[in-house]
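Peer 1: Handing you a structure now.
The values are calculated or read from the model by the stated rules, or taken from the named source; none is laboratory data. Note that the coordinates shown come from a computational prediction; the quantities given were computed from them, not determined experimentally. Positions of Cβ are generated from backbone atoms using ideal geometry, with glycine treated the same way; all protein chains shown enter the neighbour counts. Areas reflect the complete protein model, heavy atoms only, side chains present, ligands, DNA and RNA absent. Shrake-Rupley method; radii C 1.70, N 1.55, O 1.52, S 1.80 Å.
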Amino acid sequence: MSQLVAIVGRPNVGKSTLFNRLTRSRTAIVDDTAGTTRDRQYGRVDWNGRDFSIVDTGGWVVNSDDIFESEINKQVHLAIEQADVILFVVDAMNGVTDLDDHVAEILRKSRKPVILVANKVDSSDWLYNVPEFYSLGLGEPYPVSAVNGFGTGDLLDEVVKKLPETDKEEEELDDIPKFAIVGRPNAGKSSIVNAFISEERNIVTDIAGTTRDSIYTRYDKFGFDFYLVDTAGIRKKNKVNEDIEYYSVIRSIRAIEAADVCILMIDATRGIESQDVSIFSLIQRNKKGLVVCVNKWDLVKDKSEVAIKYFRDTIRNRFAPFTDFPIIFGSALTKQRIYKVLETAVEVYKNRKKTIPTSQLNTVMLDAIAAYPPPANKGKYVKIKYVTMLKGAPVPTFIFFCNLPQWVKEPYRRYLENKIRENWDFSGTPINVYMREK
C-alpha cells in the first residue's frame with residue numbers, strides 16, 4: 001500500500017529544509033509556469049524498516065502580492081487531500097501567526113492525521129516557545145531543528161505510528177505482474193487504458209477492496225495476465241481547476257509505488273519535457289521496471305528511421321545514466337503497436353525476476369574484472385574474488401566480494417553493471433551492484 005506524507009505550512013518555516021533532512025538528499029523538480037520557475041520536491045524516507053513517500057508544498061499565503069498565490073494554495077489543498085499523514089510545520093522562533101491559525105483551521109476540517117512540527121528549535125532556549133502552539137488545537141507540538149536534526153528521530157517515530165498498515169489483500173496480488181500507466185497530463189494515459197480494455201469488457205474485472213489511491217484492473221486476454229494500475233481519469237468534477245501538473249506528480253507516486261513495471265507515456269507531438277524527466281526520476285527512485293511508450297505517433301509527419309533514431313537518442317540522453325530500457329512508438333487512438341507495449345512490459349517483468357547461476361556469473365564477470373581491474377588507491381589494489389546474485393531481492397542485485405570494498409567507486413560499479421547488461425538481458429529493470437568485504 002502506497003503511503004504519502006505531506007509537509008504543509010506558511011512560507012519560511014523551514015519546510016524544504018525539513019524535507020531535505022528527512023530524505024537525506026536534496027530533490028528539486030523545476031517546472032516553468034507562466035514565466036516563473038517553481039520547485040516541487042518529493043522523495044522517499046526510510047525509517048526503522050518502514051518507507052514512505054514525502055511531498056513538500058509551497059508556503060500557504062493569503063492576500064499577498066504574489067500572482068501565484070492561488071496556485072500555491074491549490075497545491076497545498078491537493079497534498080492535504082492525497083496524504084495519509086500531514087506534517088504541519090510552524091516556526092518556534094516567531095510563535096503563532098494568523099497564517100498558522102488559517103492553515104490549522106483547514107487541517108482540522110480535513111480530519112486527516114496531523115503532526116504539529118515546531119521547527120527552528122536550534123537551541124534549548126527556543127523550547128520555551130513550543131507550548132504556545134497548543135492553541136492551534138492540533139495536539140502536542142514536536143520540537144525539531146531541521147538544520148541540525150534535533151528531534152527528527154522522535155518525529156519520524158510518530159509518523160510511522162500514524163501511517164496506515166499494509167493492506168493484506170493487496171499483498172496477495174504479488175504473484176501477478178502489476179503495470180502502471182504514468183505520464184504527464186494529456187500524454188494519452190486514458191486513451192491507452194481504453195484501448196487495452198475496450199474489447200470483451202467482460203474479461204476485465206475490478207478487484208474490490210484495493211486501495212483508494214490505485215485501481216487494480218485484471219487483464220487476462222490475448223495470453224496476458226496482469227493487473228493494470230490505473231490512475232487515469234480519476235479527478236473529481238469539483239477539482240477541474242486544480243494544478244494538474246502537481247496533481248499528476250502526486251498520483252504518479254501512488255501508481256509507481258503500487259506497480260512492478262511502469263509504462264511511461266510521452267507525447268510525440270510535444271517531445272520530452274521536464275515533467276517526463278520528473279516522473280522518470282520517481283520510477284528510478286522506487287526501483288521499478290520501465291517501458292517508454294511514445295504515444296500519438298500517428299500525428300507525427302516525419303516517421304523516417306533518422307527521426308526515430310533522433311527521438312530515441314534524445315530520450316536516452318535525458319534519462320541518462322540509465323539508458324537500458326525499451327522505447328516503443330505507437331498510437332493509443334489507432335491502436336498501433338499498443339499490444340507490443342504489453343508484450344514488452346511482460347518481458348521487463350520477467351527480467352526483474354531473472355536469476356543468473358553463480359558459476360556462469362563468475363566465469364563471465366571475473367574475466368571482465370581481470371581485463372579491467374578496479375583502479376589502485378594509495379598503492380593498494382582492490383581484488384574482487386567472487387560474485388553472486390542475491391536471491392529474493394525485489395530487483396536484480398549482485399554482490400561482489402573483495403578485499404577493499406570502500407575503495408570501489410561509482411564509475412567502476414557502473415562498469416560492472418554495463419558488463420552484466422552486455423551478457424544478460426536486463427532491459428528495462430534497474431540493477432543493484434554492491435561491494436562486500438571477503
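Peer 1: Give, as ranges by residue number, the residues of the stretch 361-388 whose backbone N falls under 13 Å from the point 7 Å along Cα→Cβ of Glu422.
Peer 2: In the stretch 361-388, the label zone of Glu422 (backbone N under 13 Å from the point 7 Å along Cα→Cβ) covers 364-373.
Peer 1: Can you give the FRET efficiency for Asp220 and Val96, using 1/(1 + (r/R0)^6), R0 = 51 Å, r = Cβ-Cβ distance, to the nearest 0.05? The partial results should precede the final answer.
Peer 2: Values: r = 56 Å, r/R0 = 1.11.
Computed FRET efficiency for Asp220 and Val96: 0.35.
Peer 1: Sorting Tyr310, Tyr386 by accessible area (1.4 Å probe), largest first, what list results?
Peer 2: Details: Tyr310 160, Tyr386 90 Å².
Highest to lowest solvent-accessible surface, that is Tyr310, Tyr386.
Peer 1: Quote the accessible area belonging to Ile80 in square angstrom, nearest 10, computed with a 1.4 Å probe and with ligands, DNA and RNA left uncounted.
Peer 2: Surface open to solvent at Ile80 totals about 10 Å².
Peer 1: Here's something else I'd like to know. Rolling a 1.4 angstrom probe over the protein chains, ignoring ligands and nucleic acids, what is the accessible area of Arg270 in square angstrom, nearest 10?
Peer 2: Probe radius 1.4 Å; accessible area of Arg270 about 120 Å².
Peer 1: Here's a follow-up. Quick one: compute a quarter of the convex hull surface over the Cα atoms of the stretch 310-434 and quote it in nm². List each step's numbers first, then the result.
Peer 2: Details: hull surface 38.0 nm².
The Cα convex hull of the stretch 310-434, projected and averaged over all directions, gives 9.5 nm².
Peer 1: How do 153-159, 85-91 rank on mean C-beta neighbours within 10 Å, highest first?
Peer 2: Most protected by this proxy first, the peptides run 85-91, 153-159.
Peer 1: Leaving ligands and nucleic acids out of the surface, order Tyr339, Tyr128, Tyr349 by accessible area at 1.4 Å, largest first. All intermediate terms of the calculation are to be shown ahead of the outcome.
Peer 2: Details: Tyr339 60, Tyr128 185, Tyr349 30 Å².
Sorted by accessible area, descending: Tyr128, Tyr339, Tyr349.
Peer 1: If Trp424, Trp407 are ordered by their accessible area, calculated over protein heavy atoms with a 1.4 Å probe, which sequence runs from highest to lowest?
Peer 2: Details: Trp424 25, Trp407 60 Å².
Ranking Trp424, Trp407 by accessible area, largest first, yields Trp407, Trp424.
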